[in-house]
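To start, the structure itself, in structure tokens.
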Amino acid sequence: MITVKVARCGYCGACVSVCPVGAVELAETRLIINEACFDCGLCLAACPVGALQAEDYTEAEVIPLRRGYDVVVVGAGPGGSVLAREAAKLGLSVLLLEKRQEIGSPVRCAEGIAHEMLVPFIEPDPHWISAEVSKAQIAVIGDGTTVARQAEGTQGYILERRIFDRVLAEEAAQAGAQVMVKTAATGLLLEDGVVRGVVARGPDGTMEIECAVVIGADGVESQVGPWAGLDTVLPLRDAMSCAQYLLAGIEIDPACCYYYIGRQVAPGGYAWVFPKGEGKANVGLGVQADLAANSALNYLNRFIESQSHLARGSPVTLVVGGVPVGPVLPCLVASGLMLVGDAARQVDPLTGGGIANAMMAGRLAAEVAAQAIAAGDTSAEALAQYEQRWMAGRGHKMARNYRLKERFSPEQRSSPDFLRAFMVAVGGI
Ligand code: FAD
């Protein structure tokens, strides 16, 4: 029986095309070899990356690679890439690890960001902007759909994150960071409780990489914090479960972001329609995981059916994902380690927006890491500067938004007071 080396497989389907008995199936990001396989070996020859092996194959022993960097960043989302870029600009040697083979894909986002939150980090570029928006509308869905609030004049964008995320990583590389794709951190190098580096698995095997500071920017699925003993587990009430289609063939105002609130539509959360250019929109919703009677996808299908202008459209992409909407974590650092972005649960608890927060935290973490490394002290006490500066600025607002969310029970979230606060939090977009 042929087996698959998962770390190498690029899910290209070349093996499927040469199999004479239909024993190989490409299930999106999983290659399945079924019992029809009779070990002819044709797939081994067709594989461009050597990801298939005969059963009796034994992998050559992997020699641990010990290379020293100032900073190893785990995860090339907006948080990790901005961090890597800024740290490299500050003169640090930086390695940015990304487990996916293509940075930015698959997208797990509705892609909305306000102008003033974006421009401190990157100049807007039509190559990665799908739509410019200047209006927002909030509707409450109860017995019918009632428009409750409207705003005009604030500028924002619906990004094309598939490109945006990659451009940020390219900028990190241009600034001097080394970027590795299809390379997952699988653990930490620890010495007496102090983080000294990461263990990573790439197409060529396992590496041990030493550094002064590891930064976990590994998103909602983060493991870096827990590996260092930090508690990042989300209670269900602070986890938004989300589903979204890119709907094509619909008619909406291409400059307006629409929000829909209602216990039946999205318990504890909301639905959104973000324009993505002519006749297209990201149409999705998030439900509070402990309140939902069905899956987010189920709620989304029902919401679309209930809105005749959306029901006309066709889904051309399905996005699913989780958003942490809890309080600020009490601890974002350990000795030799910091957490950034979704990994640090730095998302806005009212809106679920986290792109800008991740970039802000990334820049802050780069500055603190550079200072700590220059001073020769990367202890938890020295890196706590990052926590303090976060809490003195953006983190303070996030804590306030969490308190606001808590003050209004899910039943009260269609009240005028909540809607006003929500409109402010979405920044008019
Ligand atoms: P991510 O963008 O998640 O990047 C983490 C990266 O780490 C990923 O590329 C991942 O592959 C990589 N990684 C993970 N583990 C490892 C490992 N072990 N080794 C190597 N790499 C690893 N925010 C907004 O601002 N506006 C929105 O409109 C919006 N809509 C959203 C809609 C949905 C459905 C969802 C799910 C989220 C939405 N968000 C939105 C939130 C936003 O997507 C995140 O807050 C943002 O992407 C966080 O950036 P990040 O860099 O922290 O993490």
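If a spin label sat at a point 7 angstrom from the Cα of R67 along the line to its beta carbon, the backbone N atoms of region 157-187 nearer than 17 Å would be those of 172-186. Rounded to the nearest Hz, the phi-derived 3J(HN,Hα) couplings of region 35-40 under the Karplus curve 6.51 cos²θ - 1.76 cosθ + 1.60 (θ = phi - 60°) are 5, 5, 4, 10, 6, 5, where x marks glycine and proline. Annotation: amide H-H contacts under 5 Å for A131 (H modelled 1.01 Å from N, sequence separation of 5 or more, or interchain): I158. Our note on the geometry: Cα centres of region 386-429 and region 239-269, 19 Å apart. Between region 354-376 and region 1-54, how far is it from one alpha carbon centroid to the other, in angstrom? Value for the Cα centre distance between the two parts: 42 Å. When the Cα positions of I158, T206, A421 are compared along the charge dipole of the chain, A421 comes out farthest toward the positive end, with charges on each C-beta of Lys, Arg, Asp and Glu.
Taking amide hydrogens as placed 1.01 Å from N in the peptide plane, the amide H of L188 sits under 5 Å from those of V199, each at least 5 positions away in sequence or on another chain.
In order along region 348-364, the Karplus-derived 3J(HN,Hα) couplings, from 6.51 cos²θ - 1.76 cosθ + 1.60 at θ = phi - 60°, round to 5, x, 7, 10, x, x, x, 5, 5, 4, 5, 5, 4, 5, x, 5, 4 Hz, and Gly and Pro are given as x. Remark: the R407-S308 segment gains 32.3 nm on full extension, using 0.36 nm per residue and subtracting the alpha carbon distance. A simple spin-label model places the labels of L234 and I122 2.3 nm from each other, with each point 7 Å out along Cα-to-Cβ.
One decimal place: the segment Q155-E381 gains 77.4 nm when fully extended, by the rule 0.36 nm per residue minus the C-alpha distance. For a test of the definition: using alpha carbon positions, the gyration tensor, and the 1.5 limit on a/c, classify the chain as rounded, prolate or oblate. It is oblate, given that a/c is not under 1.5 and a/b is not larger than b/c.
Along region 394-399 the Karplus relation, 6.51 cos²θ - 1.76 cosθ + 1.60 evaluated at θ = phi - 60°, assigns HN-Hα couplings of 4, x, 4, 5, 5, 5 Hz to successive residues, with x for each Gly and Pro.
When the GluC sites (Glu not before Pro) in region 193-238 are filtered for DSSP coil states and for at most 14 other beta-carbon atoms within 10 Å of their beta-carbon, the remaining sites are E221. Over the chain, DSSP H runs of length four or greater, each weighted -39,500 (n - 2.57), average out per residue to a 222 nm ellipticity of -8000 deg cm²/dmol.
V82 sits among other residues whose Cβ lies under 15 Å from its own Cβ, and their net charge, with Lys and Arg +1 and Asp and Glu -1, is -3.
Bear in mind these aren't lab numbers, they're just calculated from the coordinates by the rules spelled out. Since the structure is predicted, the reported quantities are computational estimates derived from the model, not experimental observations. Cβ atoms come from the backbone with ideal geometry, glycine included; neighbour counts cover every protein chain shown.
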